[in-house]
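Trainee: Dropping the structure in here first, questions after.
The values are calculated or read from the model by the stated rules, or taken from the named source; none is laboratory data. Here the structure is a predicted model, which is why all the values come from computation and not from measurement. As a convention, Cβ positions derive from the backbone with ideal geometry for all residues, glycine included, and neighbour counts pool all protein chains shown. Only protein heavy atoms, including side chains, enter the accessible area calculation; ligands, DNA and RNA are left aside. Shrake-Rupley method; radii C 1.70, N 1.55, O 1.52, S 1.80 Å.
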Amino acid sequence: MAKPRIKSIPKKLHVKTGDTVVVISGRSKDLPRNDKAGQDQTGDKGKVGKVLKVFPKTGKIVVEGVNIQKRHVKPNANNPQGTVVEKEMPIFSSKVMLWDEKAKKGTRVRYEVRDNKKVRISVVSGNEI
């Protein structure tokens with residue numbers, strides 16, 4: 001039997017659906033994938049996007065405009081020619097950080113109780129998220 005690919009899954013994720021996050025880990029946009037001339041720059045590090053979907057059991061999230069992969073669709077009755085569809089794929093939640101719009105950078109989160117409700121507070125600016 002094959003070993004599981006995931007070594008540890010977080011008990012609770014630090015992001016929720018609808019949060020704005022920045023990618024803090026992975027290939028940089030500035031570095032080319034290989035040395036071929038004229039090739040597009042690849043990489044998602046530094047991109048900012050909204051969390052579209054959260055998968056707590058696997059510890060992954062789908063972020064708008066990040067980790068886009070192409071899927072080839074076979075021809076069928078609705079689409080007689082077939083197409084190439086670009087789709088956002090999940091990434092590990094540990095590779096993103098919440099984005100503070102006021103400070104224009106990534107931030108950690110502190111929790112406080114205000115009016116008998118637990119709220120998330122940005123460590124960088126002190127604003128409620």
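Trainee: How many residues are touching a Leu at 6+ places or on another chain (Cβ under 8 Å) and either at pLDDT 95 or above or among the polar types (S, T, N, Q) (or both) if we restrict to the range 109-129?
Mentor: Of the residues in that region, 1 qualify.
Trainee: A further question on this structure: Filter the range 51-77 down to residues that are assigned to a strand (DSSP E or B) and either surrounded by 15 or more Cβ atoms within 10 Å (Cβ to Cβ) or in contact with a helix residue (DSSP H, G or I) (Cβ under 6 Å, 6 or more places away or on another chain) (or both), then give me how many there are.
Mentor: The qualifying residues number 7.
Trainee: Any idea which of K105, K95, K87 is in contact with a Phe, Trp or Tyr (Cβ under 9 Å, 6 or more places away or on another chain) and at pLDDT below 95?
Mentor: Sole residue among the options that is in contact with a Phe, Trp or Tyr (Cβ under 9 Å, 6 or more places away or on another chain) and at pLDDT below 95: K105.
Trainee: Would you point out the residue of the range 76-129, among those that are touching a Lys or Arg at 6+ places or on another chain (Cβ under 6 Å) and of a type in the set (A, V, I, L, M), that is farthest from K57 (Cα to Cα)?
Mentor: The selected residue is V84.
Trainee: Could I ask something else about it? Given V124, V73, which one is closer than 18 Å to D19 by Cβ and among the β-branched types (V, I, T)?
Mentor: One residue alone meets the criteria, V124.
Trainee: Right, here's the next one. For the range 93-121, what are the residues that are over 16 Å from T20 (Cβ atoms), open to solvent by 80 Å² or more (accessible area, probe 1.4 Å) and part of a strand (DSSP E or B)?
Mentor: R110, Y111, V113, R114, K117, K118
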